[in-house]
Amino acid sequence: MKQLSMMEHKKVLVLGLAKSGVAAAELLHKMGAFVTVNDAKPFEENIEAQKLLQQGITVICGHHPGNLLDEGFEYVIKNPGIPYNNIIVEDAIKRGIPVWTEVELAYLISEAPFIGITGSNGKTTTTTLLYEILQQGGLKPLIAGNIGTVACTVAESAEADQVIVTELSSFQLMGIETFKPKIAIWTNLYEAHIDYHGTMKEYGEAKFNITRNQDSSDYLIYNADQEIVASYAEKSNAKLIPFTTKARSKEGISADEDMIYWEGAPILKRDTIALPGAHNLENVLAAVAAAILMDCPKENMASVLSSFAGVRHRTQFVREWRKRKIYNDSKATNTLATRSALAAFNQPIVLLAGGLDRGHSFEELRPVMANVHATVVFGQTAERFADFAKSCGVESIVYATDIQKAVPKAAQLSNEGDVILLSPACASWDQYPNFETRGDLFIQSVMELDEYKD
């Protein structure tokens, strides 16, 4: 770890806890900073704050005092989820105090270079796939960021001959100043998080931060099939590595129906890729391009691609049951994600869908509903999704009270050769605390199907 003398004896405010806030506070404390933590959760309910207090860190809990910055803070490290209209964040910006997320801190202390991955969809799959390829290639990668492992914790012990493969959200990227990945990957850009960013333009600018500080010694791997991403890429100072799934190209990495090509030369056969779907092919191209830039052996790429079944809850292959293949896509909390999942399969589909009713339309799914011959609906949107499925010509529509009841109903509706797919197109919060819980219960129920009798 690089020792940052710039933080020694500096007054630093850590705004918001959760994993990233706790990690940042502990790291700054070790580095000799005078750390104060401010979190909205009351102290008596705040186990993280209680533990930090025992370490000698000042904690202020239960509210965000409007005059807190009068205490002379020189840096603010904020939880990515805290919006920029927060009273303290607005005050810090007004005073010219740097407002960072812990990703910036991780970059400043890390001995290892970063590979940064962002995009509206595909970040986690690309990050995990690339990590697996580099690991099998003997390159000693580390994995961090929005995927669940706090970047500054990983960076603290990273060595110079390693690389940190880091999933980065727009929220995290808004809080950087000097962060400069050796390789940046931008998978795609769709309208999302407008409630946080305000406009699509601001959202795009936040994503552009992944390459904003790059120079000609760095690489940007980007989706050339999306005009909006390609237009942002033109503004980058990095070496550009486009990827396209539309046809063989002499630039960057590309694919046609049969092969994957690097600078126009064939390198891998597509039929060896285990991940289904066009959206996952984009993720594969991005990960393979980064692996090539890292001099990873081709045989290691091929080995991982032939066995990588997906990230948990993201079009994850669960099992084959009585000649039906079952997939868990609980992370599909919107119609765009479910559309990608449905488009990934040519087989007949039994679809499990429903959840929190935000009033959004399901019409975006209509073009990919042709293969859905049956659906099991649940949650607040059950009635609306059933009406939509009926309008699409779905033959069989069944209601279930929850995901555990939905699985045997889906099995009963299925035939040999079918895909049984959980891809809800809705958030989980009407019945479950998060999509992970919903997905885990689905997997558990699927594994219990052997007890189900026709």
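The values are calculated or read from the model by the stated rules, or taken from the named source; none is laboratory data. Predicted, not measured: the structure shown is a model, and the values here were computed from it. Virtual Cβ from ideal backbone geometry, glycine too; neighbours counted across all protein chains shown. With ligands, DNA and RNA removed, areas are computed over all heavy atoms of the protein, side chains included. Shrake-Rupley method; radii C 1.70, N 1.55, O 1.52, S 1.80 Å.
Over segment 335-454, accessible surface divided per residue gives 43 Å², non-protein components excluded, 1.4 Å probe. Remark: spin-label model distance Ser361-Gln347 equals 3.3 nm, labels positioned 7 Å along the Cα→Cβ axis.
Segment 1-70 and segment 79-119 have their alpha-carbon centroids 15 Å apart. Using R0 = 45 Å, the C-beta based FRET efficiency linking His9 and Glu191 works out to 0.50. Packing, taken as the mean count of other beta carbons within 10 Å per residue, orders the peptides 32-40, 422-430 from highest to lowest as 422-430, 32-40.
The mean accessible area for residues of segment 1-119, using a 1.4 Å probe and ignoring ligands and nucleic acids, is 43 Å² per residue. Using the Cβ-Cβ distance between Tyr399 and Ser306 with R0 = 30 Å, the FRET efficiency computed as 1/(1 + (r/R0)^6) comes to roughly 0.15.
Carbon and sulfur atoms: what percent of the 1.4 Å accessible area of the chain do they account for? Carbon-and-sulfur percentage of accessible area, whole number: 48. Simple spin-label estimate for Lys239 and Gln412 gives 6.0 nm between the two label positions (7 Å along the Cα-to-Cβ direction from each Cα). Rolling a 1.4 Å probe over the heavy atoms of the protein chains gives segment 189-236 an accessible area of 47 Å² per residue.
Within the chain, antiparallel bridges make up roughly 20 percent of the DSSP beta bridges whose residues both belong there. A Förster distance of 45 Å, applied to the separation of the beta-carbon atoms of Lys298 and Glu45, puts the FRET efficiency at 0.30. Note on Lys10: lysines with a C-alpha under 28 Å away, same-chain residues under 8 apart excluded, are Lys2, Lys19, Lys30, Lys41, Lys51, Lys78, Lys94, Lys180. Note on Trp429 and Leu53: the model spin-label points, each 7 Å out from Cα along the C-beta direction, lie 2.9 nm apart.
Taking a straight line from the alpha carbon of Lys323, these lysines sit under 22 Å away, with near neighbours fewer than eight places off in the same chain left out: Lys405, Lys409, Lys453. Can you give me the C-alpha center-to-center distance between segment 251-303 and segment 351-383, rounded to a whole angstrom? So the separation of the two Cα centres works out to 33 Å. Taking every C-alpha pair closer than 8 Å and separated by at least 6 residues, the mean separation divided by the residue count of the chain gives a relative contact order of 10 percent.
Using the average count of surrounding beta-carbon atoms within 10 Å as a protection proxy, the listed peptides 348-356, 383-391 rank, highest first, as 348-356, 383-391.
At most 14 other Cβ atoms within 10 Å and a DSSP loop assignment: could you name the trypsin sites (Lys or Arg not before Pro) in segment 310-371 that fit? Answer by residue number: Arg322, Lys323, Arg358.
Among 198-204, 239-245, 219-225, how do they line up by average Cβ neighbours within 10 Å per residue, starting with the highest?
Values: 198-204: 14.4, 239-245: 20.7, 219-225: 23.9.
Ranked from most to least packed, the peptides come out as 219-225, 239-245, 198-204.
Under 1.5 on a/c is rounded, so check that first for the chain, then, if it is not, pick prolate when a/b is larger than b/c and oblate when it is not; a ≥ b ≥ c are the square roots of the alpha carbon gyration tensor eigenvalues.
Numbers: a/c = 1.99, a/b = 1.36, b/c = 1.46.
Since a/c reaches 1.5 but b/c is at least a/b, the shape of the chain is classed as oblate.
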